[in-house]
Amino acid sequence: MKIFLTGYMGSGKSVVGRELAKILKYKYVDLDDQIELMQGKKINTIFEERGELYFRKLERQILEDILAQKDKMVISLGGGTPCYGDNFEIINKQENTKTIYLSASVAVLTERLFHEKLQRPVISHLETREALEEFIRKHLFERAFYYNQSEIIIKVDELRVAEVVTKITEKLK
Ligand SMILES: Nc1ncnc2c1ncn2[C@@H]1O[C@H](COP(=O)(O)OP(=O)(O)O)[C@@H](O)[C@H]1O
Ligand SMILES: O=C(O)C1=C[C@@H](OP(=O)(O)O)[C@@H](O)[C@H](O)C1
Ligand SMILES: [Mg+2]
């Protein structure tokens, strides 16, 4: 089985994915890490040098590579992955996949991302907490349409990472 984690930046896809893979003894892939590895460059640098569209093409390529593999895997997608082109459709078309939306509130996302926005080119220009919150509110509203197409939805605001992992393993039974 391939388990795909979806959700907005800061929802915990990367940290939860890594722990979930350990517990399930599945291979772990973070789509952003794969892109950085393949390009030998940070996501920030790719955005700066080549722009977002180029990044989205790389993201799509890596997604296709992952889908072609046979291993049992946990895959942490990027926050934008399910929202571009037919990325979500090609995931859902494959047999034996599960999509899981880590759903976090605007307040929680703002709090987490304010300290980590410099690693994320989509939000790094937003200087104040208020500007970041306003951006997330609108952006999440647009993107939630895609995230909500995931088969399992976990509300993560009140949960620690280990608790999110436990919830997922329970829902997978
Ligand atoms: N359930 C949680 N409780 C507390 N902090 C969390 C939780 N999930 C993620 N975080 C923290 O939020 C930040 C973003 O997590 P990350 O896994 O990088 O998110 P994503 O990959 O979805 O952008 C990290 O600092 C991470 O440690
Ligand atoms: O939401 C987005 O458009 C993005 C999310 C990032 O991943 P995380 O969701 O893991 O932060 C990364 O793919 C890139 O910076 C773009
Ligand atoms: Mg991530």
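Each value in this text was obtained by applying a stated rule to the coordinates, not by laboratory testing. Nothing here was measured: the structure is a model prediction, and the numbers come from that model. When we count neighbours, we look across all protein chains shown, and the Cβ atoms used for this are built from the backbone with ideal geometry, even at glycine.
Just a few scattered comments:
- Estimated FRET transfer efficiency (residue 114, residue 42; beta-carbon r; R0 22 Å; 0.05): 0.65
- Viscosity 1.306 mPa s, 10 °C: Kirkwood-radius Stokes-Einstein D of segment 15-68 over Cα pairs, µm²/s: 131
- Rounded, prolate or oblate (a/c below 1.5 giving rounded, otherwise prolate when a/b exceeds b/c) for segment 42-120 by Cα gyration tensor: oblate
- Residue (of 47, 9, 34) at the positive-pole extreme of the chain, dipole from beta-carbon charges: 34
- Exposure proxy ranking, count of Cβ atoms within 10 Å, fewest first, for 4, 47: 47, 4
- Ordered by the count of other Cβ atoms within 10 Å of each Cβ, fewest first, 74, 29 give 29, 74.
- Projected area, mean over directions - segment 102-173, Cα convex hull, nm²: 5.3
- The phi-based Karplus calculation (6.51 cos²θ - 1.76 cosθ + 1.60; θ = phi - 60°) puts the 3J(HN,Hα) values of segment 149-158 at 7, 5, 6, 10, 10, 10, 7, 9, 3, 9 Hz, whole numbers, x for Gly and Pro.
- Working from the Cα coordinates of segment 69-111, the gyration tensor eigenvalues give, after taking √(5λ), semi-axes of 24, 13, 9 Å in decreasing order.
- Summarising the overall dimensions of the chain from its C-alpha atoms, the Rg and Dmax are 15.4, 44 angstrom.
- Measuring nothing but how far apart in sequence close Cα pairs (under 8 Å, 6+ apart) lie, relative to its length, the chain scores a relative contact order of 34 percent.
- Packing-based ranking, highest mean first, of 128-139, 102-113 given that Cβ atoms within 10 Å are counted: 102-113, 128-139
- Helix-derived mean residue ellipticity, 222 nm - over the chain, DSSP H n ≥ 4, -39500 (n - 2.57), to 500: -16500 deg cm²/dmol
- Subtracting the Cα-Cα distance of residue 18 and residue 141 from 0.36 nm times their residue separation leaves 41.6 nm of extension gain.
- Dipole magnitude of the chain, debye to nearest 20 (Cβ charges: Lys/Arg +1, Asp/Glu -1, about Cα centre): 540
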